[in-house]
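Below: the structure, in structure tokens.
The values are calculated or read from the model by the stated rules, or taken from the named source; none is laboratory data. Since we're looking at a predicted model, the values are computed, not measured. Cβ sites come from the backbone with ideal geometry, for glycine too, and all protein chains shown count toward neighbours.
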Protein chains: 2
Amino acid sequence: MQENYFGDFLRNNGIKPSFQRIKIYEYLLQNKEHPTVETIYNALNSQIPTLSKTTVYNTLKVFIEKGIAMAITIDDTEVRFDADVKVHGHFKCEHCHKIYDFEVDVESISSEALKDFDVYDQQMFFYGVCKVCKNNS
Amino acid sequence: MQENYFGDFLRNNGIKPSFQRIKIYEYLLQNKEHPTVETIYNALNSQIPTLSKTTVYNTLKVFIEKGIAMAITIDDTEVRFDADVKVHGHFKCEHCHKIYDFEVDVESISSEALKDFDVYDQQMFFYGVCKVCKNNS
DNA sequence: TTATCAATTTGTAACGATTACAACTTGATA
DNA sequence: TATCAAGTTGTAATCGTTACAAATTGATAA
């Protein structure tokens with residue numbers, strides 16, 4: 001069944017699969033619009049009435065430490081989260097506030113200036129107006 | 001003299017050149033290590049004893065609106081500022097916490113997925129260990 | 001000069017996302 | 001069924017940033 005599947009996935013990544021952790025990871029996988037802690041908390045609070053916002057923070061921190069999620073700081077007011085840990089870019093539309101993923105050719109970015117540096121993480125944040133909003137204005 | 005030079009520069013960018021604004025812009029130009037509001041405030045407070053931290057915030061907001069400075073949100077705890085508004089990447093060393101600038105070939109990043117999008121701003125944040133720290137460990 | 005008015009600066013209070021922390025709960029093991 | 005570590009919860013504290021109202025400045029006109 002589903003929960004065992006997610007449970008095994010968490011266990012395989014060194015995370016004890018509690019009910020809360022399974023539900024939060026499941027939510028992240030199914031909601032790819034880069035939700036905030038607030039969004040995740042509100043969405044799951046109906047299923048898990050005892051859920052605490054601290055648990056959401058703790059759980060996401062564990063996910064990041066274990067490498068199965070990443071933080072997206074494209075907003076300066078709140079952090080967003082993504083279960084897709086491949087290197088990819090994020091575009092934020094200043095009009096509809098939607099965040100789009102886009103592919104990036106990692107090799108082409110790695111600058112000559114960083115050739116002797118160890119790079120563990122790469123974040124690319126682009127800002128502007130998306131195709132949909134351009135056409136609607 | 002210097003102050004007229006900066007004053008003219010601000011005026012040419014639609015910014016009324018107050019004493020505070022001139023000093024803050026001058027500081028940004030001369031201190032390229034991407035200072036925080038706290039750093040700027042502490043550095044200038046000795047020259048301008050009446051300086052308020054709110055003024056530093058206000059001034060930087062004006063600079064960004066007028067396009068002569070940019071915010072660097074490479075830290076999740078505090079915002080840093082840069083008077084270099086060319087598109088370029090920032091690398092943060094997790095060991096010494098220094099932030100390095102690096103050149104980026106803008107064209108090579110612009111993804112096929114964004115071809116119908118208007119992109120106004122591009123931020124690239126890399127994280128890892130710098131050359132110096134690697135050699136010292 | 002003096003009056004006027006808008007722009008700028010200042011200090012304090014409020015805000016809000018995040019973290020610290022202690023108490024409580026859970027679940028595995030013996 | 002006792003024990004103990006790990007996980008969860010709620011509250012309080014932290015701290016960078018913003019809101020706001022009062023004070024100051026500087027340009028302009030009478």
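Taking into account only those residues within the stretch B:10-40 that are within 11 Å of DNA strand C (Cβ to nearest atom) and touching a Gly at 6+ places or on another chain (Cβ under 8 Å), which is nearest to B:Ile99 (Cα to Cα)?
Only one residue tops the list, namely B:Ile22.
What number goes with the only condition from (1) under 20 Å from A:Phe91 (Cβ atoms); (2) surrounded by 13 or more Cβ atoms within 10 Å (Cβ to Cβ); (3) at pLDDT below 95 that B:Glu112 does not pass?
For B:Glu112, the failing item is (2).
Can you pull out every residue in the stretch A:72-83 that is within 27 Å of B:Glu78 (Cβ to Cβ) and more than 8 Å from every other protein chain (Cβ to nearest Cβ)? Spell out the reasoning first.
At the first step, the residues of the stretch A:72-83 found to be within 27 Å of B:Glu78 (Cβ to Cβ) are A:72-82.
Matches in the stretch A:72-83: A:Ile72, A:Ile74, A:Asp75, A:Thr77, A:Glu78, A:Arg80, A:Phe81, A:Asp82.
Give the residue, chosen from A:Tyr41, A:Tyr120, that is surrounded by 13 or more Cβ atoms within 10 Å (Cβ to Cβ) and hydroxyl-bearing (Ser, Thr, Tyr).
Details: A:Tyr120 fails: surrounded by 13 or more Cβ atoms within 10 Å (Cβ to Cβ).
Only one candidate qualifies: A:Tyr41.
Out of B:Phe63, B:Phe117, B:Phe126, report the one residue that is in contact with a Cys (Cβ under 7 Å, 6 or more places away or on another chain) and either within 15 Å of DNA strand C (Cβ to nearest atom) or closer than 21 Å to A:Ile72 by Cβ (or both). Walk me through how you get there before you give the answer.
Numbers: B:Phe63 fails: in contact with a Cys (Cβ under 7 Å, 6 or more places away or on another chain); B:Phe126 fails: in contact with a Cys (Cβ under 7 Å, 6 or more places away or on another chain).
Sole residue among the options that is in contact with a Cys (Cβ under 7 Å, 6 or more places away or on another chain) and either within 15 Å of DNA strand C (Cβ to nearest atom) or closer than 21 Å to A:Ile72 by Cβ (or both): B:Phe117.
Evaluate the stretch B:41-58: report whether one residue or more is more than 14 Å from B:Met124 (Cβ to Cβ), away from DNA strand C (no atom under 11 Å from the Cβ) and within 11 Å of the chain's Cα centre (by Cα).
For the stretch B:41-58, residues more than 14 Å from B:Met124 (Cβ to Cβ), away from DNA strand C (no atom under 11 Å from the Cβ) and within 11 Å of the chain's Cα centre (by Cα): absent.
The conditions are (1) part of a helix (DSSP H, G or I); (2) within 19 Å of B:Val79 (Cα to Cα), and B:Gly7 fails exactly one of them. Which is it?
(2)
Which residues, counting only those in the stretch A:49-82, are within 12 Å of DNA strand D (Cβ to nearest atom) and among the aromatic types (Phe, Trp, Tyr)? So that I can check it myself, show each step before the final result.
Restricting attention to the stretch A:49-82, the residues satisfying the condition of being within 12 Å of DNA strand D (Cβ to nearest atom) are A:49-63, A:65-66, A:73, A:75-78.
A:Tyr57, A:Phe63, listed by residue number.
Which members of the stretch A:115-134 meet the condition of being at pLDDT 95 or above and more than 7 Å from chain B (Cβ to nearest Cβ)?
Answer for the stretch A:115-134, where residues must be at pLDDT 95 or above and more than 7 Å from chain B (Cβ to nearest Cβ): A:Val132, A:Cys133.
Is it fair to say A:Ile22 is without any contact (Cβ under 8 Å) to a residue 40 or more places away in the chain and closer than 30 Å to B:Ser110 by Cβ?
Details: without any contact (Cβ under 8 Å) to a residue 40 or more places away in the chain: yes; closer than 30 Å to B:Ser110 by Cβ: no.
No: the conditions fail for A:Ile22.
Is the stretch B:91-102 home to any residue that is surrounded by 14 or more Cβ atoms within 10 Å (Cβ to Cβ) and more than 10 Å from chain A (Cβ to nearest Cβ)? Let's see the steps before the verdict.
Here is the first cut: in the stretch B:91-102, the residues surrounded by 14 or more Cβ atoms within 10 Å (Cβ to Cβ) are B:91-93, B:95, B:99-102.
Pick out the ones that are also more than 10 Å from chain A (Cβ to nearest Cβ) and you get B:99.
Yes, that holds for at least one residue.
Please enumerate the residues belonging to the stretch A:10-46 that are in contact with a helix residue (DSSP H, G or I) (Cβ under 9 Å, 6 or more places away or on another chain), over 22 Å from A:Glu78 (Cβ atoms) and not small (Gly, Ala, Ser).
A:Leu10, A:Asn13, A:Ile15, A:Lys16, A:Pro17, A:Phe19, A:Ile22
So which pairs qualify, if the first residue must be in the stretch A:50-70 and more than 14 Å from chain B (Cβ to nearest Cβ), the second must be near DNA strand D (Cβ under 8 Å from one of its atoms), the Cβ gap must be under 7 Å, and the two must be at least 6 apart or on different chains?
A:Leu51/A:Gln20; A:Thr55/A:Gln20; A:Thr59/A:Gln20; A:Thr59/A:Arg21; A:Val62/A:Ile15; A:Lys66/A:Ile15
If only one of A:Asp76, A:Asp84 is charged (D, E, K, R), more than 13 Å from DNA strand C (Cβ to nearest atom) and within 30 Å of B:Cys130 (Cβ to Cβ), which one is it?
Details: A:Asp76 fails: more than 13 Å from DNA strand C (Cβ to nearest atom).
The conditions single out A:Asp84.
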